[in-house]
Amino acid sequence: MPERDDPETIGRRVQQLRRERGLTQKQLAEPAYTPAYISTLEAGRVRPSDDALRHLAARLGVGFEELATGRPARLATDLRLRLTEAQRTLAEGEADEAAALYTALLAEAGTHALVEEQATALLGLGECGLDTGDIVAAREHFERAEQVLGGRPLPARVPALRGRAVAHYLAGELRYAVYLLESTLDELNRGGLHDPDALLLLYTGVIAPYMDMGAHARAAQAAEFALALAPRAGDPALVARMHRSVARTLLAEGRVAEADASLAKAAEMYRQLKIRTELANCHWMRGYVCAQNGELEKAEAELRAAQEMLASQRSALYSSQVAVELADVLHRRGRSEEAGELLRTVLGDLSSERGAVHAAAAHRLLGIIAEDARDTEAAEEHYVRALSLLERAGAAGDLADLCRLLGDLLRRTGRVEAALDAYRTGLGHRTAPGTTTLGPAPAQPPL
């Protein structure tokens, strides 16, 4: 059970309860103790034994834990049950309702100094922020969870660290997100803290920023470690998320069938677990896989399914990111006007601090559409804005291709020197993705 309060606090509590029940010190003491002992105990000058507390609790009609800690009996158990209910509400896509539940539970856990329950509520609020696109609030909740868990071992703090890294990633701070994840992995592995769930959470989380930074070799290695750790993990939702993330590295290696199979596994697990938001993300990822494989009709269907599910859950940021990928599919299917209209609709939800990589992708595609319409001025403006977003985010994976597009446009309009500068910039980002830029890879787990 939790550590009991100090003697003075217990003494004041005993005195208050005794007076509320109209008992004298003698009546409370009988038959096992003396009035003098009760007087000394209420003054906080003696630390009562467990036997003494049990006697007093029985006489006062309260539980032993409530008398020792001030917390009503079964409070922690009840809070954990309600936290599970809030988690289920979030899984069903009701982020606003879940946030209200978590906020109330956080206040209640704080009143009774229940550290684990406070941290769980803060993590839940952080996930609600990610789902609704409130990145700043999400990061603040994850930071508070880290502070609350400050005295706990590192594996217990990993969910908060991972959440903070995801918030930085979505804010376009790819390099810092990778730093947080890599440094935590390094500390776990070098310190012998081989918690499978913690390691799997981190390796799964680092794949997306690695891919966006062009560090494909590191992403593939993280995926390999994650797959090896999965059989030892205890959280099925975490394993499902791993399968969804690993699919992206498989696709980058041209292993389309394996990527699709990995997503099918994830989707089935999410259906069984009834996690609607993650199921939407599986449709999103399957749409991406189909688009990369040239199955555009199927890609459109999957992305529309994802967008519809996310929009119904008011997941504005994720819904806008899906819309950008859907617009690319529409453009490739010859529906450029529809694609451009969709992009202009969602660009207001994206910025350098909120979905920077997808904001850049939207400007890149608008640039291509403008070029097709012979509007070179608008095309150049969109390419330059995309370039600025990607450079700020450190997304080297897309920078080289964008520099090529910009360079080709500048060359066609007779600005050869400017075109050469654009090509050189692209080559600079292509030379060593994910090696010289990120420093040494983190230590490996014992597999």
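The values are calculated or read from the model by the stated rules, or taken from the named source; none is laboratory data. Owing to the predicted nature of the structure, the values given are computational and were not obtained by experimental measurement. Note that each Cβ is placed from the backbone with ideal geometry, even for glycine, and that neighbours are counted across all protein chains shown.
Does Thr204 qualify as being β-branched (Val, Ile, Thr), in contact with a helix residue (DSSP H, G or I) (Cβ under 7 Å, 6 or more places away or on another chain) and modelled with pLDDT under 90? So Thr204 fails the test. Per the listing Glu85, Glu65, the residue uniquely under 30 Å from Gly126 (Cβ atoms), assigned to a helix (DSSP H, G or I), at pLDDT 90 or above and not polar (S, T, N, Q) is Glu85. Taken as a whole, the stretch 336-357 holds no residue that is hydrophobic (A, V, I, L, M, F, W, C), touching a residue at least 60 places away in the same chain (Cβ under 8 Å) and more than 27 Å from Leu279 (Cβ to Cβ). Taking every residue in the stretch 132-161 that is among the polar types (S, T, N, Q) and pairing it with any residue that is surrounded by fewer than 17 Cβ atoms within 10 Å (Cβ to Cβ), at least 6 positions away or on another chain, the pairs with Cβ-Cβ distances below 9 Å are Thr132/Asp96; Thr132/Arg314. Within the stretch 161-194, the set of residues being small (Gly, Ala, Ser) and buried (at least 23 other Cβ atoms within 10 Å of the Cβ) comprises Gly163, Ala165, Ala167, Gly172, Ala177. Scanning the stretch 262-277 for residues that are of a type in the set (A, V, I, L, M, F, W, C) and farther than 15 Å from Ala306 by Cα, we see that the one that is modelled with the highest pLDDT is Met269.
So if I check each of Ala252, Ala323, which one is small (Gly, Ala, Ser), surrounded by fewer than 22 Cβ atoms within 10 Å (Cβ to Cβ) and more than 19 Å from the chain's Cα centre (by Cα)?
Ala252
Any residue that is within 25 Å of the chain's Cα centre (by Cα), outside any helix (DSSP H, G or I) and closer than 24 Å to Leu174 by Cα - is there at least one of those in the stretch 327-348? The answer is no, given that none of the residues of the stretch 327-348 is within 25 Å of the chain's Cα centre (by Cα), outside any helix (DSSP H, G or I) and closer than 24 Å to Leu174 by Cα. Just wondering, is there one or more residues in the stretch 308-316 that are surrounded by fewer than 23 Cβ atoms within 10 Å (Cβ to Cβ), among the charged types (D, E, K, R), assigned to a loop (DSSP other than H, G, I, E, B) and modelled with pLDDT under 90? Looking for residues that are surrounded by fewer than 23 Cβ atoms within 10 Å (Cβ to Cβ), among the charged types (D, E, K, R), assigned to a loop (DSSP other than H, G, I, E, B) and modelled with pLDDT under 90, one finds at least one in the stretch 308-316, hence yes. Leu53: crowded, with 16+ Cβ neighbours inside 10 Å and assigned to a helix (DSSP H, G or I), yes or no? In short, yes. I'd like to verify a number: residues in the stretch 292-306 that are surrounded by 16 or more Cβ atoms within 10 Å (Cβ to Cβ) and at pLDDT below 90, how many? Here the count works out to 1.
With respect to being of a type in the set (S, T, N, Q), modelled with pLDDT of 90 or more, under 23 Å from Gln272 (Cα atoms) and assigned to a helix (DSSP H, G or I), Gln118 falls outside the description.
Suppose the filter is of a type outside the set (Ser, Thr, Tyr), crowded, with 17+ Cβ neighbours inside 10 Å and in contact (Cβ under 8 Å) with a residue 12 or more places away in the chain; does Ala76 pass it? Considered against the rule, which asks whether it is of a type outside the set (Ser, Thr, Tyr), crowded, with 17+ Cβ neighbours inside 10 Å and in contact (Cβ under 8 Å) with a residue 12 or more places away in the chain, Ala76 comes out as yes. Filtering the stretch 212-228 to residues that are modelled with pLDDT of 90 or more and surrounded by fewer than 24 Cβ atoms within 10 Å (Cβ to Cβ) leaves Ala220, Gln221, Glu224, Phe225, Leu227, Ala228.
Listed here are the residues, each with its yes/no results for (1) among the small types (Gly, Ala, Ser); (2) modelled with pLDDT under 85.
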| residue | (1), (2) |
| --- | --- |
| Arg392 | no, no |
| Ala396 | yes, yes |
| Cys403 | no, no |
| Gly407 | yes, no |
| Gly414 | yes, no |
| Ala418 | yes, no |
| Ala422 | yes, no |
| Arg430 | no, yes |
| Ala441 | yes, yes |
